[in-house]
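Engineer: Okay, here's the structure, questions in a sec.
The values are calculated or read from the model by the stated rules, or taken from the named source; none is laboratory data. Because the structure is predicted, anything quoted here is derived from the model rather than measured. A quick note on method: Cβ atoms are made from the backbone with ideal geometry, for glycine too, and the neighbour counts reach across all protein chains shown.
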Amino acid sequence: MKGLVLDAEWKPKPGYKVSEWEKRTGKAITGNSIWHNPKLEVRDWPDPEVGPNDVLLEVQACGVCGSDMHFYETDDENYILYPGLTKFPTILGHEFSGKVVETGKNVQTLKVGDYVTVEEMIWCGRCIACRNGYPNHCERLEEIGFTIPGAFAKYIAVDEKFCWKVDGILERFGEEKGVEVAALTEPTSVSYNAMFERAGGFRPGHYVSVFGAGPIGLAAIGLAEAAGAGMIVAFEVSPQRRELAKKIGADQVFDPREVTPHEVLMELSKGEGFNFHVEAAGVPHVTVPEMEKSLAINGKIVQIGRAAQKVPMYLETFQVRRSQFFGAQGHSGHETFPNVIRMVASGRLDLSPIITARYGLEETVQAIARSTERSDGKIMVRPQMNGK
Ligand SMILES: [Zn+2]
Ligand SMILES: [Zn+2]
């Protein structure tokens with residue numbers, strides 16, 4: 001079958017100490033320190049094998065993620081930018097929906113013809129973290145589209161336990177649009193996990209700020225609106241994304257280069273500060289100090305964006321303002337996928353306006369190239385469609 005394959009050369013940066021585990025598994029823990037000369041190409045790849053617990057999915061839609069962009073873009077020495085767990089070559093793509101076309105002999109919860117969306121994190125269920133209820137911190141994690149073949153392809157085989165049925169979404173949006181909306185479940189679940197599972201959410205009426213209105217920030221805005229925020233303020237450099245932020249539920253949107261965010265937030269809250277700050281810009285060294293200076297008493301900051309850097313924080317503020325900072329990663333467990341699907345199926349959360357472009361499988365490299373302009377909401381690849 002055809003798939004978008006990323007190939008790269010294993011060439012650790014001088015000074016990077018390759019661990020025994022990395023040598024043994026061929027997986028890089030810090031991808032940007034090892035993978036050199038990335039090459040993305042739609043090409044032939046062996047058909048997936050369907051294990052006894054697997055379903056074979058015909059991929060319907062797969063969104064382009066910021067991390068896909070960080071495989072395409074490189075640093076000055078031509079290393080990938082993506083800093084996480086990776087093993088190449090593999091097929092990229094991890095935000096997707098699919099239709100079940102075959103079931104392994106042990107599969108009990110799905111049948112041919114079902115539409116599903118899928119977790120990206122292949123948690124083992126056996127390590128200490130998993131057994132303690134923390135699948136997002138699995139010690140033997142595989143990741144679809146990062147360490148094992150992803151969904152920028154005609155087909156993918158996955159264990160049924162990672163699949164969630166999306167009938168409700170298809171009933172609301174119809175099949176054609178529904179499969180694209182269903183493919184937004186994974187990134188939306190990343191925001192849901194951070195805001196409601198990790199940070200424990202906010203009270204209806206609370207003031208929420210969202211820094212960064214890429215797909216994760218846009219999902220955070222939609223979720224904040226649906227959860228009853230009293231005011232939502234977003235900061236985003238792209239004018240197109242600022243428009244999308246308003247459409248999804250932001251009351252006010254600013255270009256952070258034109259204002260001083262903490263001053264804006266203090267003024268809008270009449271000096272009380274914001275109760276809940278979401279970092280989805282991936283530049284916490286810039287955004288967190290602004291959040292800190294506009295924290296309401298008992299305020300919360302939740303970090304979703306990834307950035308391998310230190311952040312200046314004045315902890316006195318967290319004592320005086322009785323405030324908390326939460327780190328978050330992942331989307332699995334804790335009822336997250338099913339609750340996001342319910343919100344979308346009920347119409348309380350409608351992120352469909354953030355889908356701004358679609359491409360066929362053959363054009364996946366162009367789709368990723370376009371996403372590097374950072375002005376779209378979510379770009380979809382439709383592997384079963386030819387051309388646009
Ligand atoms: Zn992603
Ligand atoms: Zn595990």
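Engineer: Keeping to segment 227-280, report how many residues are part of a helix (DSSP H, G or I), of a type in the set (A, V, I, L, M) and in contact (Cβ under 8 Å) with a residue 40 or more places away in the chain.
Structural biologist: Total meeting the criteria: 4.
Engineer: Can ALA28 be described as away from ligand 2 (no atom under 16 Å from the Cβ) and either out of contact with any strand residue (DSSP E or B) (no Cβ under 7 Å at 6 or more places or on another chain) or closer than 19 Å to LYS2 by Cα (or both)?
Structural biologist: The answer is no for ALA28.
Engineer: Is it the case that some residue within segment 164-175 is under 17 Å from the mean Cα position of the chain (by Cα) and at pLDDT 95 or above?
Structural biologist: Yes, because at least one residue in segment 164-175 is under 17 Å from the mean Cα position of the chain (by Cα) and at pLDDT 95 or above.
Engineer: What's the number of the condition HIS70 fails, among (1) of a type outside the set (Ser, Thr, Tyr); (2) buried (at least 19 other Cβ atoms within 10 Å of the Cβ); (3) at pLDDT below 95; (4) away from ligand 1 (no atom under 16 Å from the Cβ)?
Structural biologist: Failed condition: (4).
Engineer: Right, something else. Yes or no: segment 182-202 includes at least one residue that is buried (at least 21 other Cβ atoms within 10 Å of the Cβ), over 29 Å from MET121 (Cα atoms) and in contact (Cβ under 8 Å) with a residue 40 or more places away in the chain.
Structural biologist: No: zero hits.
Engineer: Looking only at segment 326-366, how many residues end up being within 20 Å of the chain's Cα centre (by Cα) and in a strand (DSSP E or B)?
Structural biologist: 7
Engineer: Looking at GLY230, is it more than 15 Å from the chain's Cα centre (by Cα), farther than 23 Å from ALA307 by Cβ and away from ligand 2 (no atom under 16 Å from the Cβ)?
Structural biologist: yes
Engineer: Now for a different question. May I ask you to verify whether VAL100 is in a strand (DSSP E or B), within 18 Å of the chain's Cα centre (by Cα) and more than 16 Å from ligand 1 (Cβ to nearest atom)?
Structural biologist: So VAL100 does not fit the description; no.
Engineer: Let me ask something else about it. Given (1) within 16 Å of ligand 2 (Cβ to nearest atom); (2) touching a helix residue (DSSP H, G or I) at 6+ places or on another chain (Cβ under 9 Å), identify the lone condition not met by GLY84.
Structural biologist: (1)
Engineer: Another question, then. Just name the residue that is nearest to GLU102 (Cα to Cα) out of those in segment 131-156 that are buried (at least 19 other Cβ atoms within 10 Å of the Cβ) and aliphatic (A, V, I, L, M).
Structural biologist: Of everything passing the filter in segment 131-156, ILE156 is nearest to GLU102 (Cα to Cα).
This table checks each residue for (1) buried (at least 23 other Cβ atoms within 10 Å of the Cβ); (2) at positive phi; (3) within 16 Å of ligand 1 (Cβ to nearest atom).
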site	(1), (2), (3)
VAL42	no, no, no
GLY51	no, no, no
VAL55	yes, no, no
TYR79	no, no, no
PRO83	no, no, yes
PHE88	yes, no, no
ILE91	yes, no, yes
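Engineer: Quick one: what pairs do we get from segment 355-369, first residue buried (at least 21 other Cβ atoms within 10 Å of the Cβ), second small (Gly, Ala, Ser) and part of a helix (DSSP H, G or I), C-beta under 6 Å, 6+ apart or different chains?
Structural biologist: Within 6 Å, the pairs are TYR359/ALA367.
Engineer: In segment 154-202, which residues are within 16 Å of ligand 1 (Cβ to nearest atom) and of a type in the set (Gly, Ala, Ser)?
Structural biologist: The answer is ALA182, ALA183, SER189, SER191, ALA194.
Engineer: Next question, about the same structure. If a residue must be basic (Lys, Arg) and surrounded by 23 or more Cβ atoms within 10 Å (Cβ to Cβ), how many such residues does segment 234-286 contain?
Structural biologist: Residues meeting the conditions: 1.
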